[in-house]
Amino acid sequence: MSDLTVTLIQANLHWEDKAANLAMFDAKIDAIQGRTEIVILPEMFSTGFSMQPEKLAETMEGETVNWMKKKSREKNIILAGSVIIEEDGHFYNRFIWMQPNGVYGKYDKRHLFGFAGEHNHYEPGDQRLIAQVKGWKICVAVCYDLRFPVWARNQVAADGTAAYDLYINVANWPERRNTAWRTLLQARAIENQCYVVGVNRVGNDGNNIYHSGDSSIIDALGEIIYHKAHDEDVFTYTLTKAPLEEIRSKIPFLKDADRFTIL
């Protein structure tokens, strides 16, 4: 399996201002040095974590998705992050996995953050997305999903093959609960024997809630490869498969996991 290069963009989002956010990410992506294959943006990267989808939602043919298509094609990258989407009269916090050829995968956030009333404005998804790139299998998730390990569980097929190798979570996770964010990212890596990438925003949102970022890359033993708090950052790192395969071979914990079905 080939190496996989990912870029995390930890940014201070402009509250409910699509034009400003897209211009900001245009500049940050253009400034990336060297080759990268996947660029990961935070949750609701074009608006911030807003409970006003009636005002901000777009269709899959809207401005933000079209920007993702254009930027992905222009830079020959996979561009990933979540956006407020309206579809069939419902609103979704939708993770979009945009490929350079314009073909995309989508994942609607399963666990809506009731504490902030997200469930009153958005519909939950019911299907995981596991994308494939260069032989890597990648499971995606959005913010609050991180607290629910059953949904993230890396189940193993009869031939011993894991469902995924990399777990990506994009978030607007407040600083006041950042211990949970950091701890759960490590837990998901350890229990699922996979790399984990968490991309969070920084700064105050429109509700004056502060976000410390704490974006991270973590290996399958829970060791922190990269961590950044408080400041904006653009970080590129190449994931290699050999250490992951070695860990799974030497300590094959996944094969002993409970078998279950999510209804």
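Please work out which one of (1) assigned to a helix (DSSP H, G or I); (2) touching a residue at least 24 places away in the same chain (Cβ under 8 Å) is the condition ASN101 fails and give its number. Status for ASN101: all satisfied but (1). Residues being touching a residue at least 12 places away in the same chain (Cβ under 8 Å), in contact with an Asp or Glu (Cβ under 8 Å, 6 or more places away or on another chain), of a type outside the set (A, V, I, L, M) and in a loop (DSSP other than H, G, I, E, B) are entirely absent from the range 72-81. Applying a threshold of 7 Å to beta carbon distances and a minimum spacing of six or more residues, or different chains, the list of pairs starting in the range 17-32 at a residue that is among the β-branched types (Val, Ile, Thr) and ending at one that is crowded, with 16+ Cβ neighbours inside 10 Å and outside any helix (DSSP H, G or I) reads ILE29/VAL39; ILE32/THR7; ILE32/VAL234; ILE32/THR236. Checked against the criteria, THR47 does not count as touching a residue at least 40 places away in the same chain (Cβ under 8 Å) and closer than 19 Å to ASN200 by Cβ. Taking the range 190-204 as the range and being more than 15 Å from PHE235 (Cα to Cα), of a type in the set (D, E, K, R) and crowded, with 21+ Cβ neighbours inside 10 Å as the test, no residue passes. A single member of SER2, SER50 is surrounded by fewer than 23 Cβ atoms within 10 Å (Cβ to Cβ) and more than 18 Å from the chain's Cα centre (by Cα), and it is SER2.
Any residue that is of a type in the set (Phe, Trp, Tyr) and either touching a Gly at 6+ places or on another chain (Cβ under 8 Å) or at pLDDT below 95 (or both) - is there at least one of those in the range 179-189? Quick ask: steps written out before the conclusion?
Within the range 179-189, the subset of a type in the set (Phe, Trp, Tyr) is 181.
Of the ones still in play, those that are also either touching a Gly at 6+ places or on another chain (Cβ under 8 Å) or at pLDDT below 95 (or both) are 181.
Within the range 179-189 (the criterion being of a type in the set (Phe, Trp, Tyr) and either touching a Gly at 6+ places or on another chain (Cβ under 8 Å) or at pLDDT below 95 (or both)), the answer is yes, since at least one residue qualifies.
The set of residues from the range 205-230 being in contact (Cβ under 8 Å) with a residue 60 or more places away in the chain and under 30 Å from GLY117 (Cα atoms) comprises ASP205, GLY206, GLY213, SER215, ILE217, LYS228. Kindly check whether there is at least one residue in the range 64-76 that is at pLDDT 95 or above, out of contact with any helix residue (DSSP H, G or I) (no Cβ under 6 Å at 6 or more places or on another chain), over 23 Å from ARG177 (Cα atoms) and aromatic (Phe, Trp, Tyr). No, the range 64-76 contains no residue that is at pLDDT 95 or above, out of contact with any helix residue (DSSP H, G or I) (no Cβ under 6 Å at 6 or more places or on another chain), over 23 Å from ARG177 (Cα atoms) and aromatic (Phe, Trp, Tyr). Remark: ALA11 matches the filter, which requires a residue to be under 20 Å from the mean Cα position of the chain (by Cα), of a type in the set (Gly, Ala, Ser), more than 24 Å from GLN127 (Cα to Cα) and crowded, with 20+ Cβ neighbours inside 10 Å. Considered as a group, the residues in the range 150-179 that are in contact (Cβ under 8 Å) with a residue 60 or more places away in the chain and in a strand (DSSP E or B) include one that is farthest from the chain's Cα centre (by Cα), and that residue is VAL156. Just one of the listed residues (TRP173, TRP151, TRP181, TRP136) is in contact with an Asp or Glu (Cβ under 8 Å, 6 or more places away or on another chain) and farther than 22 Å from VAL83 by Cβ, namely TRP136.
Each residue in the range 239-258 was checked for being exposed (fewer than 12 other Cβ atoms within 10 Å of the Cβ) and either under 21 Å from SER215 (Cα atoms) or in contact with a strand residue (DSSP E or B) (Cβ under 9 Å, 6 or more places away or on another chain) (or both), and 1 pass.
The values are calculated or read from the model by the stated rules, or taken from the named source; none is laboratory data. Given the structure is predicted, the values throughout are model-derived calculations rather than measurements. As a convention, Cβ positions derive from the backbone with ideal geometry for all residues, glycine included, and neighbour counts pool all protein chains shown.
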